[in-house]
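Take a look at the structure set out below.
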Amino acid sequence: MTTPADAPPRGWYPDPEGGTRLRWWDGTDWSDHYRPRPTEAELHRLRSTASTPMMPSVAPAGERRALARSEVETIVAEVRQAARSEVERAADLFTQRARGATRELQPLVSEYTNRILRWLKLALVVVVVLVIAWFVFEAVAQATFFDWLGERIDRLTE
């Protein structure tokens, strides 16, 4: 169990409930004050003005106090570390979901490939049967035609 002496100093930290914003830690508990993560322009401005005794946008109303350059650098480092860990967590989550989708996609591809192959085999059988039927029909039709022609010729000579 952590004691108040072990708690991190007051400041902006990544929201423990998730999300992309920062939440104010008052040294003992999380407040209801939120702010977006600093942009590169804000970080540059904070670095360049770190020698000024007061930075009004750093703490919520009623919590403002002078920050030393080392405190600003510490906050920036903590925010960077939190952002990096959040990006790594998101990348890991994305990788897990991508692998899961790949595992789900493989059986789906196999299933539809098997269906297509079944239909192609059936179509090939139908085509072969039709070709054989056509040849049989042609042979029977020619034989019938020649029988009919022979009968006609026989009747002409009678």
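The values are calculated or read from the model by the stated rules, or taken from the named source; none is laboratory data. The model shown is predicted, which means the values in this text are computed figures rather than measured ones. Positions of Cβ are generated from backbone atoms using ideal geometry, with glycine treated the same way; all protein chains shown enter the neighbour counts.
For a quick check of your reading of the model, give me the residue pairs whose first member lies in the range 80-91 and is within 12 Å of residue 13 (Cα to Cα), whose second is in a helix (DSSP H, G or I), with beta-carbon atoms closer than 9 Å and at least 6 apart or on different chains.
80/43
Looking only at the range 102-121, decide whether some residue is among the small types (Gly, Ala, Ser) and at pLDDT below 85.
Among the residues of the range 102-121, at least one is among the small types (Gly, Ala, Ser) and at pLDDT below 85, which makes the answer yes.
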